[in-house]
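Engineer: Sharing a structure here in structure tokens format.
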Amino acid sequence: MKSQMIPLLYPPFSFSSIFAPAKSSNHAVFCYSRNQNRTATSRNSRIQVRVRVRVRVQASLSLVSNLISLAAVVATLNSALPSIAIPSLNSQTPPPSPTTPFSQSKNLQSGLEDDGKIRPCPSMNPGCISTNPKSSSFAFPWVIPDNSLDNAVQKLQEAIIKTQKNAKILVIKDTPYGQYLQAEIDGGFSPDMLEFLVKRDTVAYRSVATKVIYIYPFTTALGDSKGQEERLQKILDQLGWYAPSFNTMD
């Protein structure tokens, strides 16, 4: 009996062209094997592993490149920062200098100027009168009669207390420019300040409101010097001293 080749069509297996005769029969049998398929599978696995390794290497190189770029940017920023003045949150900055009439009015200076003169009226304070010629509200100094030259400062102090409400004598002192007296009295909205400089038979003075009133949004202060003039006139009448004026000079 002749041996027949029987095709087995079951992919993915392939038949081997090698046949061996069976020991118990005369039939030749074809043996198929999976060796070829296993070889292809192993090759594909190796290719996939190589591809994965290559992808991971490329990703790692890309990450390293990005890190290097970021480090370069940080180094550039750090090198530029020292040239920029960045104030610390904990540092104490000096207060800004007065730039508005309101802020200037809160820093009223008292006492004599460096040259020994009574201070002028602040430009933003209309409630003031001064014998300093720099003042917009100027007044002539008083003249002490010859019969009142003795204890002139003491007499001035008594006249202030008698004519003004809640008067407080704050300072009486001798200076190289004369005797200086400073008093605090009731004002319209706050205490007013009186300053006098007695030098022989002449009395220089300043009467000024210590608080300036503003009405938003206007920047012009309220008040005038008439109240200060009336106050000083009461003191002058109590003393009986003489006050020159433009009218008496005609």
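Engineer: Looking at this model, which pairs from 117/168; 211/234; 155/234; 117/199; 155/199 are more than 18 angstrom apart at the alpha-carbon?
Structural biologist: Violating the 18 Å limit, Cα to Cα: 117/168; 211/234.
Engineer: Moving on. Run through every distinct alpha carbon pair of region 112-239 and return the Kirkwood hydrodynamic radius in angstroms, one decimal place.
Structural biologist: Its Kirkwood hydrodynamic radius stands at 15.0 Å.
Engineer: While we're looking at this one, here's another question. What shape does region 130-203 have by the C-alpha gyration tensor, where a ≥ b ≥ c are the square roots of the eigenvalues, rounded means a/c under 1.5, and otherwise prolate means a/b greater than b/c and oblate the rest?
Structural biologist: Here region 130-203 falls in the oblate category.
Values quoted throughout were computed directly from the atomic coordinates according to the rules given, and no laboratory measurement underlies them. Predicted model, so just to flag it, every value in this text is computed and none were measured.
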